[in-house]
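To keep things clear, I will list the structure first and then write my remarks on it.
Rule-based calculations on the coordinates, nothing more; no lab input. Computed from a prediction, not measured in an experiment: that's the story for all the values here. Cβ placement follows ideal geometry from the backbone for every residue including glycine, while neighbour counts extend to all protein chains displayed.
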Amino acid sequence: MLMEILKKLPTKSLVRFRSVSKQWSTIIRSDRDLIESIVTRSLRHPPLKLPVFIFHHCVPETFFTVSPVFSPTTTDHVVTIPRPSRPCTFHYQYSRGLICCSSFESHLVTIYNPTTRQIQAPTRSGLSSCFFGYDPITNHYKVLSTIFNCDERKQTYHVFTLGCQQSWRKVKGIDEDSYPNDYNVCIDGTIYYNAYRKPRETILLSFDLRSERFDRVLVPEALSKALLALINNQRLVNHLGKLGCICCNDGDTSIWIMDDAKKQEWSRTILCLPKYPVKLLGADVDTFSGATPAGEIYATQCNYFFDKSLYVYYYDMNQNSFRRVHIEGGVRDKTKKHRYCVEVFAIHDHVENTMSL
C-alpha cells in the first residue's frame, strides 16, 4: 500500500518526504521499482517537450546550473566545480536523470542528480578522458576513465560504479595506441566513442557497461574518412534508439545510422540542406549537437556571449523543415559588455530520478 501511494506522489514531494522516516528514505532513494515508475512517468511527456539546459559559467567562479530557462545572475541550485590550475574545457554527459561533468585537465569528476540536488565527486589521478552511461540490465551507472601517463606514453582504463565500492577499478583496455575524444553516446548500456590512432586514422570503439569489455565497431570506409576529416563537425547521436553519426562538411550534411548493431550494418542519408545550414540561421555553430527522442536533429548555441537572443534549432528530416525555440531569459543585453561566455548544453530526454548518490 505504501509503495502505491508513493508512486502517485509528485517527485518534489518524494524528495521532501525522505525525512519522514528511515524506511521512507530508503525506499525513495534506492527502491528500483519506485525509481522506475518515476522515470517512466517522466517519459510520458510529449516527445516534442522543451529541453532542460546545463549552463556552464566560469566567472566569478566555475559552476553550472540546470534549468529550462536562463538567468545570468542566478544563485539558486548552483553546482560549484573546483577551478583547475589552468584554463580548460569541461565536458558534460547526461544519462537517465544524472549529469556527469569532467575535464581532461581536472582530477575531479562531478556527478549531479538535478532531482535530489545531490553531488558525488570521485577523484582521479593524472590527465584523463571520461565517459558516462547507464546499464538497464544491472541498473548501474558507470564512469569510464582513460588515464594518460605522459612520461611513459601509456594509458590505463578505469571504471567507477555509482553506489558500489565507491572506488575506481582498473579494467582491461583495447588499444594503447588510440586516443579517445569527447564525442560519445550511450545506447542500451553501451558507450560508443571516437578514438584517434597514428599516423592518421579514426576508429569507432564501444564499451559494454555490463561486461566491461571493449570492442571495435566496423564502419564503412566513407564514414571512417569523414570521422577523420570532420573532427569538429561530426557528432555521435542516439537516433531513435540506434547509433547515428551526423557529419557536416563543405559539400553536404548527412547522417549515418547503424541499422543492425549485431551485424554492424550502416546506412547513409544525405540531408537536403545547404552548406553549414545552422550558421545560415544565425547560430554560431558549425554542426548539429544531437538528436531528440522524436528523431529531430538539433543545434544549440554552445557559447553564449549575451550579444543576441538564445535559441535551439531543430531540423525534421522527414518534413525537411527547420524550427527554432527561444530559450527564456536568453535575450540580448545592450547595457553591458560581457568578457566571458556561458556554455550551453541541451538535454531533450531528461527524466526525474530520486536515486541517491
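A compact table of results
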| item | result |
| --- | --- |
| ³J(HN,Hα), Karplus 6.51/-1.76/1.60, whole Hz, each residue of the stretch 252-268, x for Gly, Pro | 7, 10, 9, 10, 9, 10, 7, 5, 10, 5, 6, 7, 6, 9, 10, 9, 10 |
| Cα→Cβ-extended label distance, 7 Å offset, between GLN319 and ARG197, nm | 4.3 nm |
| Relative contact order of the chain, defined on C-alpha pairs under 8 angstrom at six or more residues apart (%) | 16 percent |
| Residue order, fewest to most surrounding Cβ atoms within 10 angstrom, among THR138, THR146, THR11 | THR138, THR11, THR146 |
| Sorted by Cβ density within 10 Å, fewest first, the residues TYR315, TYR179 | TYR179, TYR315 |
| Ellipsoid equivalent to the chain - semi-axes via the Cα gyration tensor, in Å | 30, 26, 23 |
| The stretch 202-208 - phi-based ³J(HN,Hα) in whole Hz, Karplus 6.51/-1.76/1.60, Gly and Pro as x | 10, 10, 10, 10, 10, 9, 7 |
| Ranked LEU108, LEU34, criterion: other C-beta atoms within 10 Å, fewest first | LEU108, LEU34 |
